[in-house]
Every structure is written in structure tokens, then in C-alpha cells.
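S.K.: Let me give you the structure first, and then I'll get to my questions.
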Amino acid sequence: MTLYYTFVFGILAIEMVMFLLLALPVPSKYRKPVTMALIRPFRLTQIQVAIKCILGFIMLLFVDTINRVYSINAELSQTSIAAGVSDRNEVQSRKFYAQRNMYLTGITLFLTFTVFRTYGLVWELLELKENYRTDSENMNIDDLKKQIEDADKEIKSLKERAEGLQAEMQSRPPRKDVLDL
């Protein structure tokens, strides 16, 4: 493998470790520090620019390997007609290396976007859990008792009003225009 494909493989290995650390079912108590430690370097502007340049380079390598695979396929179909076995084996080995490089760069790009999306989901989950904990801690028992008392008073006043309306309805004589229907 050439130096730049070795570099791409190293990036792929780092992404796999990051994804594994983000995807493991770990308690929130430990997940938040690990997530913060993983993402802290990536918040710097210089590193974000470098990552975008590296991803652009990997994208160019990916497009180049796709073109190389297509050209080798065309060459392989030409050699199968005209040439001997040794030429065909050499073209097939080049096809293998081109396909390997295509899969390597493609999965690296895919895993990059997957890791960033997974990080976003994990961070959102941690924030929601934190908000839930603070809301449940802020709800005091006295506040809940006061809310229950207010609701009971409101229910009692509504029942009294309903009984008064019912008594008023029974005390009125029936209207003739309604009965004639």
C-alpha cells in the first residue's frame, strides 16, 4: 500500500475506535467525560479546517479509485480477447488493488459521517438526561402538594357551580316552544 492509503487506513482505524467508544452501552456518568474527551480536540478551528482538507483529499482518492476500477475493467475486457494468461493475471491483480483502495476510501468517508452523527445523537441524549434529572430534582414535594391542593379547590368550586346550575335547571318551568317540537 502506498503512503497515502496507509494514512487513510490509519484514519479508518481511529474512526472505528471512536465509533466503538461512542456506541458502547456505558452509564451516563462515564459516557459524558469520555464523549467530552473524544470531541474536545475537534472543537478547535484549526483542526476542523485540517479535517475538512483531509476529507477532501480522501474524497479525491475515492473518485480516483472509482475511475481506476472502471478503466481496469475496460482493460480487462480488452485483454481477455487479445492477450494471454500472464497479462490477464496482471490486470486482475491491479483490479484487486484498485477495488481494495476504493472500498478503503469509501468506508472511511462513510464512517466519518457516521461518527459525527453518532456523536451528535449521544450528546443530545446526554443533554436530555441531564435536563430530566434537573427537572425531577427541582420538583419539591411541597410544590407538588400545593399543586394538588389548588387542583382540589378548583374541582370543588366547579362541582358547586355544576350543582347550582343543575338546581336552577330543575326549578325553572319547562318552556312550551321546546315541548312543541
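S.K.: Tell me which of these Leu126 doesn't satisfy, since it passes every other one: (1) within 30 Å of Leu21 (Cα to Cα); (2) outside the structural domain of Leu24 (by TED's automatic domain parsing); (3) hydrophobic (A, V, I, L, M, F, W, C).
M.R.: Answer for Leu126: the failing condition is (2).
S.K.: Which of the residues belonging to the range 31-46 are assigned to a helix (DSSP H, G or I) and not β-branched (Val, Ile, Thr)?
M.R.: Arg31, Lys32, Pro33, Met36, Ala37, Leu38, Arg40, Pro41, Phe42, Arg43, Gln46
Listed here are the residues, each with its yes/no results for (1) more than 19 Å from the chain's Cα centre (by Cα); (2) at pLDDT below 85; (3) among the aromatic types (Phe, Trp, Tyr).
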| site | (1), (2), (3) |
| --- | --- |
| Arg88 | yes, yes, no |
| Val91 | yes, yes, no |
| Tyr103 | yes, no, yes |
| Phe113 | no, no, yes |
| Thr118 | no, no, no |
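S.K.: Evaluate the range 74-97: report whether one residue or more is among the aliphatic types (A, V, I, L, M) and in contact (Cβ under 8 Å) with a residue 24 or more places away in the chain. Steps first, please.
M.R.: Step one: of the range 74-97, the residues among the aliphatic types (A, V, I, L, M) are 74, 76, 81-83, 85, 91.
Okay, now just the ones that are also in contact (Cβ under 8 Å) with a residue 24 or more places away in the chain, so none.
No: the range 74-97 contains no residue that is among the aliphatic types (A, V, I, L, M) and in contact (Cβ under 8 Å) with a residue 24 or more places away in the chain.
S.K.: Working only within the range 64-76, note down all residues that are surrounded by 12 or more Cβ atoms within 10 Å (Cβ to Cβ) and not polar (S, T, N, Q).
M.R.: Asp64, Ile66, Arg68, Val69, Ile72, Glu75, Leu76, listed by residue number.
S.K.: Here is a further query. Quick check, is Thr35 over 22 Å from the mean Cα position of the chain (by Cα), polar (S, T, N, Q) and assigned by TED's automatic domain parsing to the domain that holds Asn101?
M.R.: Values: over 22 Å from the mean Cα position of the chain (by Cα): no; polar (S, T, N, Q): yes; assigned by TED's automatic domain parsing to the domain that holds Asn101: yes.
Against the criterion (over 22 Å from the mean Cα position of the chain (by Cα), polar (S, T, N, Q) and assigned by TED's automatic domain parsing to the domain that holds Asn101), Thr35 does not qualify.
S.K.: Another question, then. Taking only the range 12-24 into account, find how many residues are exposed (fewer than 15 other Cβ atoms within 10 Å of the Cβ) and in contact with a Lys or Arg (Cβ under 9 Å, 6 or more places away or on another chain). Let's see the steps before the verdict.
M.R.: First, the residues of the range 12-24 that are exposed (fewer than 15 other Cβ atoms within 10 Å of the Cβ): 13-14, 16-17, 20, 23-24.
Filter again for in contact with a Lys or Arg (Cβ under 9 Å, 6 or more places away or on another chain), leaving 24.
Residues in the range 12-24 being exposed (fewer than 15 other Cβ atoms within 10 Å of the Cβ) and in contact with a Lys or Arg (Cβ under 9 Å, 6 or more places away or on another chain): 1 in total.
S.K.: Okay, moving on. Quick one: which residue in Phe9, Phe42 is under 29 Å from Phe96 (Cα atoms), surrounded by 12 or more Cβ atoms within 10 Å (Cβ to Cβ) and out of contact with any Asp or Glu (no Cβ under 6 Å at 6 or more places or on another chain)? Break it down stepwise before answering.
M.R.: Details: Phe42 fails: under 29 Å from Phe96 (Cα atoms).
Phe9 is the lone residue from the list that is under 29 Å from Phe96 (Cα atoms), surrounded by 12 or more Cβ atoms within 10 Å (Cβ to Cβ) and out of contact with any Asp or Glu (no Cβ under 6 Å at 6 or more places or on another chain).
S.K.: Do you know which residues across the range 107-141 are under 16 Å from Lys52 (Cα atoms) and either of a type in the set (Phe, Trp, Tyr) or touching a residue at least 24 places away in the same chain (Cβ under 8 Å) (or both)? Show your work before the answer.
M.R.: As a first pass, look at the range 107-141 and keep what is under 16 Å from Lys52 (Cα atoms): 108-117.
Within the range 107-141, Thr108, Leu109, Phe110, Leu111, Thr112, Phe113, Thr114, Val115, Phe116 meet the criteria.
S.K.: Run down Leu60, Leu44, Leu55, Leu20 and say which single residue is more than 17 Å from Thr118 (Cβ to Cβ) and under 24 Å from the mean Cα position of the chain (by Cα). Write out each step before concluding.
M.R.: Values: Leu60 fails: under 24 Å from the mean Cα position of the chain (by Cα); Leu55 fails: more than 17 Å from Thr118 (Cβ to Cβ); Leu20 fails: more than 17 Å from Thr118 (Cβ to Cβ).
On inspection, the qualifying residue turns out to be Leu44.
The values are calculated or read from the model by the stated rules, or taken from the named source; none is laboratory data. Note that this is a predicted model, so its numbers are computed, not measured. Using ideal geometry, Cβ is built from the backbone for each residue, glycine included, and neighbour counts are taken over all protein chains shown.
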